[in-house]
Amino acid sequence: MIIYLRLKKSLCHRQLVCIRIQRQKPPAEVQAHDLILCPCAMHMGFFLSTAGWKVNQEMSKNFEAKKVVVSEISEKLKNCMSMVVVSYNAITVAEVTELRNQFRAAGVEYVVLKNTLVRRALDDMGITGLDDVLEGPNAFAFGMTDPAAPAKIVYDFINKTKNDGRMTVKAGLMDGEVLSVDQVKALSELPSKEVLLSRLVGSLQAPVAKLVYFLEALRKQQAGEE
């Protein structure tokens, strides 16, 4: 049962106060513990139901929970080497499971997040330029060990599905700078971290091998002269 009383002056409830009687009984039987006093209308003797108080408590809990999520997103943004934003549509459970396994093996954290919370985390870090893409269902791939890994896995899936729209790259992020779709694609085409390391080792080994050969030849020459 709900009764609406109009007040001429009410700061916190404007001009309308709602009294909700939680029990199915007439107003005359409402007990004192069913009601709490409205601070704004205390001098007028109006009461509000405890239901309103409980709603406020739930809203406070939700607010604190969202703060925790925003903090976690901020940590991911600080610690990741890159991030790729993708939209998804009609992806099967099996495909999602396979994607998650690939991401996990490559040190990528793949999560579905609320755009509003991501926007708050970006605002806290002073990162701009992603507002336009934070619309609709989005997933976020954070590359924690290899900056190219998220883009590679995403575009590998897109190529396997023949670019049928089930997953679409919307933007990326690296070192606090926003990446366009073309830049994310270019990132996906870079050699992997392992390939780059092997090439680096190979380039370092070549001069070392030449140095060893030269030193050995010099040793033999000196031994012959002696």
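Assorted remarks:
- Residue in the range 84-141 that is farthest from Met174 (Cα to Cα), counting only those that are of a type in the set (A, V, I, L, M, F, W, C) and touching a Pro at 6+ places or on another chain (Cβ under 7 Å): Val108
- Considered as a group, the residues in the range 155-167 that are within 17 Å of Val133 (Cα to Cα) and surrounded by 15 or more Cβ atoms within 10 Å (Cβ to Cβ) include one that is nearest to the chain's Cα centre (by Cα), and that residue is Met167.
- Here is the figure for the range 66-82: residues that are of a type in the set (A, V, I, L, M), out of contact with any helix residue (DSSP H, G or I) (no Cβ under 7 Å at 6 or more places or on another chain) and surrounded by 17 or more Cβ atoms within 10 Å (Cβ to Cβ) total 1.
- Positions within the range 92-147 being exposed (fewer than 13 other Cβ atoms within 10 Å of the Cβ), polar (S, T, N, Q) and more than 13 Å from the chain's Cα centre (by Cα), in sequence order: Thr92, Thr97, Asn101, Thr128, Thr145
- Verdict on Val154 being of a type in the set (Val, Ile, Thr), modelled with pLDDT under 95 and in a helix (DSSP H, G or I): no
The values are calculated or read from the model by the stated rules, or taken from the named source; none is laboratory data. A quick note: this is a predicted structure, and the numbers were derived from the prediction, not measured. Quick reminder, even Gly has a Cβ in these numbers, built from the backbone with ideal geometry, and neighbours come from all protein chains shown.
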